[in-house]
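Single-structure report; data block below.
The values are calculated or read from the model by the stated rules, or taken from the named source; none is laboratory data. These figures come from a predicted structure and were not determined experimentally. Every residue, glycine as well, gets a Cβ built from its backbone with ideal geometry; the counts of neighbours run over all protein chains shown.
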Amino acid sequence: MPRFFKEFFEDAPFIEGDDARHILKSLRMRVGESLTVSDTKGFDYECVISGCSADRVDLEIQNKTKNTTEPTVFVTLYLCLTKGDKMDTAVKQAVEMGVSRIIPVLSTNCVSRPDSKQLSKKLERWQKIADEAAGQSGRGILPEVGECVTLKQVAEMSKNDDLCLFFYEIGGTPLSKIGEETKNISVIIGPEGGFTRDEAEMLEQSGARVTTLGPRILRAETAPVAAVAIVMSHSGNM
């Protein structure tokens, strides 16, 4: 069933703008057909189209249920910039796996170094990709793609989380079960060239736990998906 997102939906059961045009023109849905709307706060509404115009779809709520797809942990993925469309793939798959926030990071070995105008366009595209992935995978929220930060900023930002996992290509301690009391988790993944020794030491000194994805070399777009899958599995969310 098609899924859409709208804050405070119960107070105004209609969809307008681009989503309405998508429903009517791309999906060719008509009065009487069903779709699901998430209020982005964890509740899903099963609805029937009760009326439509050029850019508005009126809906009748049939049922309200708590979304059951959201994990019990809030995972922030700090993802170093990669070249080409690798970031697109990583963002899409990370959202499908359950991350709640993605923060692009500029580190020493990042090959991709867009200027401010280019970066602004990329951030818009990544947010759109995240929104689409959230709908496709049945998420109850719209994961945020935040502003690009430096690795030094990551070290400060992640200090507030219950657990910060720095997946280091040189190796670290394998991740074991994550305790039920752990609710906010940071996951840090490097670019194609990996992290420098100074960067690794800075993250470790800031309190990040150095861990590993195993002895095999993973591609830059594969590593974040593997890392998030491990976190979800060890926290009981797979």
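Quick notes
- Cβ-Cβ contacts under 9 Å between residues 6 or more apart (or on different chains), taken from a first residue in the range 84-102 that is touching a residue at least 12 places away in the same chain (Cβ under 8 Å) and under 19 Å from Lys121 (Cα atoms) to a second residue that is assigned to a helix (DSSP H, G or I) and acidic (Asp, Glu), are listed as Lys92/Glu132.
- Only one entry in Gly172, Gly179, Gly194 is out of contact with any Asp or Glu (no Cβ under 6 Å at 6 or more places or on another chain), within 18 Å of Ser107 (Cβ to Cβ) and in the same structural domain as Cys110 (by TED's automatic domain parsing), namely Gly172.
- Checking each residue in the range 187-208 for being part of a helix (DSSP H, G or I) and not acidic (Asp, Glu) picks out Arg197, Ala200, Met202, Leu203, Gln205.
For (1) buried (at least 18 other Cβ atoms within 10 Å of the Cβ); (2) under 13 Å from the mean Cα position of the chain (by Cα); (3) within 18 Å of Ala223 (Cα to Cα), each residue gets a yes or a no:
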| position | (1), (2), (3) |
| --- | --- |
| Met87 | yes, yes, yes |
| Gln93 | yes, yes, yes |
| Val111 | no, no, yes |
| Asp115 | no, no, no |
| Ala130 | yes, yes, yes |
| Gly140 | yes, yes, no |
| Thr150 | no, no, no |
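- Residues located in the range 176-196, provided they are aliphatic (A, V, I, L, M) and closer than 21 Å to Val91 by Cα: Ile185, Val187, Ile188, Ile189
- Restricting Arg139, Arg216 to those that are free of Cβ contacts under 8 Å to residues at least 12 places away in the same chain, of a type in the set (D, E, K, R) and part of a loop (DSSP other than H, G, I, E, B) reduces the list to Arg216.
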